[in-house]
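One structure is given here, and the rest of the page talks about it.
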Amino acid sequence: MRECTNANCFVPHVGCDMGHVDLHKCPIWAGNLKPPSKPADVSEEVLLPWSGEALGLADLAFVAGRARPMMVGVVGPQNAGKTTLLASLYLLVGRHGTGLEDRQFAGSFSLAGWEAVSSALRWDPGHPPDFPPHTASRGGRAPGFLHTRFRSPHSLSPADYVFADAPGEWFQRWAVNRDSVEGAGALWLSDHADIFLLVADREALSGETRGAARNAFRLLARRVGDELRGRPVALVWTKSDIDIDDAMEQAVRSAVVDVMPNVAEFSVSIMQGDSVPETSMMKLFQWILKERRPLTRLPQPTAQSDDPLFLFGGAAT
Ligand SMILES: Nc1nc2c(ncn2[C@@H]2O[C@H](COP(=O)(O)OP(=O)(O)O)[C@@H](O)[C@H]2O)c(=O)[nH]1
Ligand SMILES: [Mg+2]
């Protein structure tokens with residue numbers, strides 16, 4: 001089936017953006033077609049307006065229709081373990097839940113997307129778990145947003161979270177030049193994220209090119225610090241099973257703390273090391289879920305009368 005000319009509509013992969021079950025009744029779709037000679041078959045099968053894959057920018061409007069979701073921006077260089085981190089969080093929730101009473105898993109519009117990044121980490125007989133494939137820089141519907149909904153048993157309104165899995169190349173370009181064309185996705189994320197995870201890759205910071213990795217990380221930390229505007233941020237050391245030099249660790253930490261004094265800090269790994277990987281991963285996840293968007297405070301209304309019944313508004317004249 002052909003694709004729709006409406007840039008926001010992804011028929012035939014998902015349902016019509018205008019909500020038409022019978023596509024021929026959609027003015028945009030039909031406007032580009034000669035009228036069909038016989039009435040179209042209306043299939044019993046109804047496509048939903050999402051595919052289950054990672055969401056794109058256009059799909060976000062669908063998730064944000066009820067209330068603005070919490071956007072978690074995972075910021076870090078290429079190959080730093082960002083996708084692996086998200087995949088591990090997903091598998092952990094599947095196994096243990098979130099451990100938080102008011103954040104119980106209540107669904108996802110991108111289950112296929114979560115499965116795509118995490119299936120490599122699952123253990124199948126005969127196939128040891130491996131890492132997810134690299135998230136490459138690509139156009140179109142990138143960055144991929146992975147959606148999860150949580151609910152409290154005491155509240156009717158759920159909380160939506162969207163985790164942005166963007167390629168490290170974007171952040172590297174954005175760190176050097178905020179307005180670079182190749183880093184436009186990173187700029188978008190820095191404008192829209194509610195929580196930042198700044199990923200420091202212990203493998204790169206202990207490898208042969210550790211000097212270059214440290215300089216690149218400093219640039220990135222400074223850029224995040226400039227764009228933060230008081231939003232919560234965590235420094236997440238990935239691959240904590242790999243040892244790094246104390247001086248290097250201290251240099252990287254102070255590069256972050258100097259520009260973001262309120263930063264939280266976590267170390268995670270998917271390898272069995274000195275600590276149980278699940279515990280540290282879970283601490284990070286609970287930190288993410290406990291952070292709240294700052295409330296908007298409205299100025300106190302000013303009283304316009306001494307009569308307590310007509311304190312506000314100038315109605316009593
Ligand atoms: N030793 C170790 N290596 C890891 C760990 N997590 C990820 N990696 C490695 O990091 C590579 C890149 O991971 P990926 O999640 O694709 O990075 P991304 O480009 O930041 O999304 C993987 O192929 C693994 O080799 C970890 O906890 N320990
Ligand atoms: Mg990736």
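Every number here is computed from the coordinates shown, using simple stated rules; none is lab data. Note that the coordinates shown come from a computational prediction; the quantities given were computed from them, not determined experimentally. Using ideal geometry, Cβ is built from the backbone for each residue, glycine included, and neighbour counts are taken over all protein chains shown.
Phi-derived couplings, Karplus 6.51 cos²θ - 1.76 cosθ + 1.60 at θ = phi - 60°, listed residue by residue for the stretch 260-265: 9, x, 8, 5, 8, 9 Hz, with x used for Gly and Pro. I want the antiparallel fraction of DSSP beta bridges within the stretch 57-290, as a percent rounded to 5. Percentage antiparallel, nearest 5: 35. Taking every C-alpha pair closer than 8 Å and separated by at least 6 residues, the mean separation divided by the residue count of the stretch 139-220 gives a relative contact order of 21 percent.
Using θ = phi - 60° in the Karplus curve 6.51 cos²θ - 1.76 cosθ + 1.60, the 3J(HN,Hα) couplings for the stretch 65-74 round to x, 7, 7, 5, x, 6, 9, 9, x, 9 Hz; x is entered for Gly and Pro. Highest average first, the peptides 180-193, 152-165 ordered by how many other beta carbon atoms sit within 10 Å of their residues are 180-193, 152-165.
Amide hydrogen proximity for Gly76: with H placed 1.01 Å from N in the peptide plane, the residues at 5 or more positions away or on another chain lying under 5 Å are Val199. Peptide packing for 84-97, 253-266 was compared via the average number of neighbouring C-beta atoms within 10 Å per residue; ordered from the highest value, the list is 84-97, 253-266. Applied to the stretch 221-237, the Karplus parametrisation 6.51 cos²θ - 1.76 cosθ + 1.60 on θ = phi - 60° returns per-residue 3J(HN,Hα) values of 4, 5, 5, 4, x, 5, 9, 5, 6, x, 6, x, 9, 10, 8, 10, 7 Hz, with x for Gly and Pro.
Mean sequence separation of contacting Cα pairs (under 8 Å, at least six apart), scaled by the length of the stretch 57-290, corresponds to a relative contact order of 22 percent.
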